[in-house]
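Following: one structure in structure tokens, then a few remarks.
No value in this document is a laboratory result; all are computed from the given coordinates. Small disclaimer: the values here were computed from a predicted structure and weren't measured. Cβ sites come from the backbone with ideal geometry, for glycine too, and all protein chains shown count toward neighbours.
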Amino acid sequence: MLTKLPSDLFGGALYILQKYGPLFWAGTKTTLLIALTGTIIGLFIGLGVGILRSLPESSMDNKFKTFLIRLVKLVSGIYVEVFRGTPMMVQAMFLFYALRPVFHWTKLVAGMFVVSVNTGAYMAEIVRAGIQSLDKGQNEAARSIGMNNFQTMRHVVLPQAIRNAFPAIGNEFVVNIKDTSVLNVIGVTELYFQTTSVAGITYRVQDTFLVSAIIYLILTYSTTTILKIIERKMNMPVQSGPSSTSTAFLVFGNKREER
């Protein structure tokens, strides 16, 4: 078999892709599945943690409420610092073997969990920064039309925060596509794992990893292009109107008129 391999780099890479294409395709599907699942779940985790870390403290609050808010911020802050401050490879090894007796999970499920909780920590900071970047007048405008804290966060703050943070959120998905490669340490058969397997069969490391690099590049470039299209659509004005119109009025103005 090895005598059939062309001696040049690109010829060898093309032959390896044709010969072991199914292995690369299987690894690519696993990589995309983990990256997409981890990003979506991580976004929901980040939304929850980011909102908790953005809870305002008021001098009008009673001592118990103030203590509870500070405790929640402390716990969520520890979560963020731990998962942002340690390598995902270390997290994968520790969580997989520490929690396997409890959950009896497969390597694929464990990989999704690790990427999700790791992404959630980064998403939390992205969401928190997006919330804090908004003008405080948005909250005041929402309160002036009778909205409570939950309605203000849901209809006014979060839509704008996510819109402002969308480039960073999309970037996390691109990063996750590449970072799934560290999951090979727990035996997840993603693209990097399959690449090392093919390299072990052919003894042509450069050719094999050239194929892998091109596949990663195609995945990340395609994802980035799609995200840019979505971002442009999100930044398009929804409707024309006076520049002084508040966000709260744009959200609820029509409903108030109907009443």
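Once you have the Cα-Cα distance between N164 and V102, take 0.36 nm times their residue separation minus that, and quote the gain in nm to one decimal.
18.4 nm
Hey, rough spin-label estimate for K178 and L68, points 7 angstrom out along Cα→Cβ, what's it come to in nanometres?
The two pseudo-label positions are separated by 4.3 nm.
What FRET efficiency comes out for the pair Y221/S7, r = Cβ-Cβ distance, R0 = 41 Å, nearest 0.05?
0.90
What percent do you get for the relative contact order of the stretch 2-238 when only Cα pairs under 8 Å and 6+ apart count?
Averaging sequence separation for qualifying contacts and normalising by length gives 32 percent for the stretch 2-238.
In whole Å, what are the Cα extents of the chain along the three principal axes, biggest one first?
The Cα atoms of the chain stretch 78, 48, 27 Å along their principal axes.
Quick check on the chain: helices-only [θ] at 222 nm, where DSSP H runs of length 4 and up contribute -39,500 (n - 2.57) each and the sum goes over total residues. Nearest 500, please.
-26000 deg cm²/dmol
I'd like to verify something in the chain: which complete DSSP H helices, judged by Cα projection on the helix axis, reach 24 Å or more and average at least 0.0 on the Kyte-Doolittle scale?
Length and hydropathy pass: 21-53, 63-85, 107-132, 158-179, 205-235.
Once you keep just the Cα pairs under 8 angstrom separated by 6 or more residues, what percentage relative contact order results for the stretch 1-127?
Relative contact order comes out at 43 percent.
Could you tell me which residue out of G12, A26, G38 lies farthest along the dipole of the stretch 1-88 toward its positive end? Charges go on the beta carbon: Lys and Arg +1, Asp and Glu -1, centred on the Cα centre.
So the residue we want is G38.
Choose one answer from T106, T28, T180: the residue with the largest mean-square fluctuation in a GNM of the chain with alpha-carbon springs under 10 Å.
T106
Give the lysines reachable from K228 as a straight Cα distance under 24 Å; neighbours fewer than 8 places away on the same chain don't count.
Correct list for K228: K29, K178.
At q = 0.11, 0.16 Å⁻¹, what base-10 log of I(q)/I(0) does the Debye formula yield for the stretch 96-239 when every alpha carbon is treated as an equal point scatterer in vacuo?
-0.63, -0.98
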